[in-house]
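The values are calculated or read from the model by the stated rules, or taken from the named source; none is laboratory data. Quick caveat: nothing in here was measured; it's all calculated off a predicted structure. Positions of Cβ are backbone-derived with ideal geometry, glycine not excepted, and every protein chain shown enters the neighbour counts. Note: areas computed on protein heavy atoms with side chains; ligands, DNA, RNA excluded. Shrake-Rupley method; radii C 1.70, N 1.55, O 1.52, S 1.80 Å.
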Amino acid sequence: MSPLEPSPTRLQPVTLAGPSGRTILCLLCLLLFAATGCSPLGRNTIATAPGVMEADIDSATDEDSQYVTVEPEEVLEDELAALNQLGDWEDGSKVQESRAPEVTYDFPVVVNRQVEFYLNLFQGRQRKYFRRWLARSTRYLPLIRRELQQAGLPADLAYLAMIESGFNPSAYSRAHAAGLWQFIRGTGRNYGLRIDSWVDERREPEKATRAAVAYLSSLYNEFNDWYLAVAAYNAGEGKIRRAIKRYRTRDFWQLARHRYLRLETKRYVPKLIAAIMIARNPEKYGFTDVDYQEPVRYELVKVPPRTDLAAVAVAAGTSVKEIRHLNNELRKNLTPPRMDGYQLKIPHGSAQLVAKNMSRLHPVITTGYKTHTVRRNETLTRICRLYGLNKTTLLKANNLHSSRLRKGQRLRIPYRTTKYILLREGETPDTRFARAGRDGRLILHRIRRGETLSRISKQYNVPVHIIMQWNNIADVRRIRAGEQLALYLDDGGARGGSLQTARADDPALPVLNATKKYRPAGQTGSRTRVTWYRVRTGDSLWTIARKFRVSARDIRRWNNLRNNMIHPGKKLVIKKG
């Protein structure tokens, strides 16, 4: 029998609760590092930690690279052409009940010429596809079957996701349908799925499955026939209503004999029946060497808006790729803005590790490189405009002494990005970076007369709010000439003394043209009592806010904090009315 046949053990996602859960919820507020989203060159992040691999600095964050072609469409044209050669569709009188004593179906399974066509196709020309779909199926079947059973629907409908997407939550069709259940935008939104530039919940298996179950329930309630309901899932209920009205029959096989329904819709039912028959008893059809995948297991944590997935990956001791895989609905490496308490999935068993590591995370601005291949008649000026660089930066990054380029030449393109490191127990950022090490260097920038944080930000390509965070600056206007600013930078592998001083005209770092300005929150009224609080080990904004009976949001506003990251020794302004 198939490993899919026994009723699977329900794998519940773990929601953190109790003291350890509250600790994680508090510490995860420290994840709100928006440097990646704010820096003009910081779209990517690098996650580094002791014993943890670096995240790919070129990891995709754009929409197009996250979607893959839906596999059932790759051979669709050949499939439809071969199906069309079978001639007339057999009607209900020629359909015989399938009798397989070793399997009991809860979906109406029949065998006719068209069903036999798909049974042969899946065992023959499309065998490699079907084997791949079987292997993936066990990753999502426990979830899908649970939702179907709770709704009182046939559990065998789970294999509708097989013929829709091949059990691939990232599948994207030429009709712009996405996810396991191949929802188009309009239908997905009608059934409660969020689809925007930050999130596409069609790609989130649990939410998409609940939406599909609701849609299938609605279709069956209307047509009272599973063949018609499944056909309507493909063609739309309006198309099936009109077909019934035109031909005055509610027999799917009779409707299939006419040309009104597209062949792509008509083949949907026999293809599903064949998929169910094989998937429920794969050994009978020769699928004896399938490497079935384990069901998805994870834990849930609530995180604030714009949480950087690279920071989560470091804290959880995993990769950004794994976090993205678990949170497939996200279209960027950040959680959505203006959405408090986003439920983020982390690897199963990593909750305590996240709790331990979050307070030790520290952001470092680093320089990454990507490759540009010079095209015919392309100039240095054009390439600089393309990437927002100046000529000096590009020449220095490639050890070039002339702006002459040749076709096919490969250029290193520097960009600013953020990586996250874990401080050791009792370690501060200053002590970590003041000594030689692989994590970067501490640069002391002495402020000159007339300099502003905005100007310094442009020189080093570091967002203003990161400089403020590093140096406990509450007001951008209150910096004085002669003061030193600590900058934690990693120049893409540059070596030398890790503690350096820099002047405003220091040419050692890459210089980029465009940048954004960051305005801190304005000051509040003066009719308040101001208290200074020095952060201790184990403190978080949440615990400090409770101590002084204020909100964490107010503490961020009073101290011009762009995120919830604080370190032991940092002084915070606390205002009491």
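Within the range 380-401, no residue that is under 14 Å from residue 416 (Cβ atoms) sits with its Cβ atom under 9 Å from a residue that is open to solvent by 40 Å² or more (accessible area, probe 1.4 Å) and assigned to a helix (DSSP H, G or I) at 6+ positions apart or across chains.
Looking only at the range 469-491, how many residues end up being open to solvent by less than 10 Å² (accessible area, probe 1.4 Å) and in contact (Cβ under 8 Å) with a residue 60 or more places away in the chain?
Residues that pass the stated criteria total 3.
So, restricting to helices (runs of 4 or more DSSP H) that lie completely within the range 361-442, which ones have at least 2 residues that are open to solvent by less than 60 Å² (accessible area, probe 1.4 Å) and either on the phi > 0 side of the Ramachandran plot or modelled with pLDDT of 85 or more (or both)?
Values: elements: 380-387, 391-397, 429-434.
Fully inside the range 361-442 and qualifying: 380-387, 391-397.
Taking (1) modelled with pLDDT under 95; (2) over 20 Å from residue 183 (Cα atoms); (3) open to solvent by less than 30 Å² (accessible area, probe 1.4 Å); (4) part of a helix (DSSP H, G or I) in turn, residue 135 satisfies each apart from (1). Look at residue 193 and say whether it is within 22 Å of residue 267 (Cα to Cα) and surrounded by 19 or more Cβ atoms within 10 Å (Cβ to Cβ). Answer is no for this residue. Beta carbons closer than 6 Å, at least 6 apart along the sequence or on distinct chains, pair a first residue in the range 338-359 that is within 22 Å of residue 428 (Cβ to Cβ) with a second that is hydroxyl-bearing (Ser, Thr, Tyr) and at pLDDT below 90 for 355/23. Among the candidates 322, 294, the residue that is within 14 Å of the chain's Cα centre (by Cα), open to solvent by 40 Å² or more (accessible area, probe 1.4 Å) and of a type in the set (D, E, K, R) is uniquely 322.
Considering only the range 566-577, state which residues are open to solvent by 40 Å² or more (accessible area, probe 1.4 Å) and modelled with pLDDT of 75 or more.
568, 571
Each residue in the range 138-158 was checked for being part of a helix (DSSP H, G or I) and more than 25 Å from the chain's Cα centre (by Cα), and 6 of them qualify. Residue 289 fulfils the conditions (1) under 30 Å from residue 424 (Cβ atoms); (2) surrounded by fewer than 24 Cβ atoms within 10 Å (Cβ to Cβ); (3) over 12 Å from the mean Cα position of the chain (by Cα) except for a single criterion, (1). For residue 259, are the conditions met, namely being at pLDDT below 95 and farther than 25 Å from residue 186 by Cβ? So residue 259 fits the description; yes. In the range 520-565, of all residues being assigned to a strand (DSSP E or B) and among the basic types (Lys, Arg), the one that is modelled with the highest pLDDT corresponds to 534.
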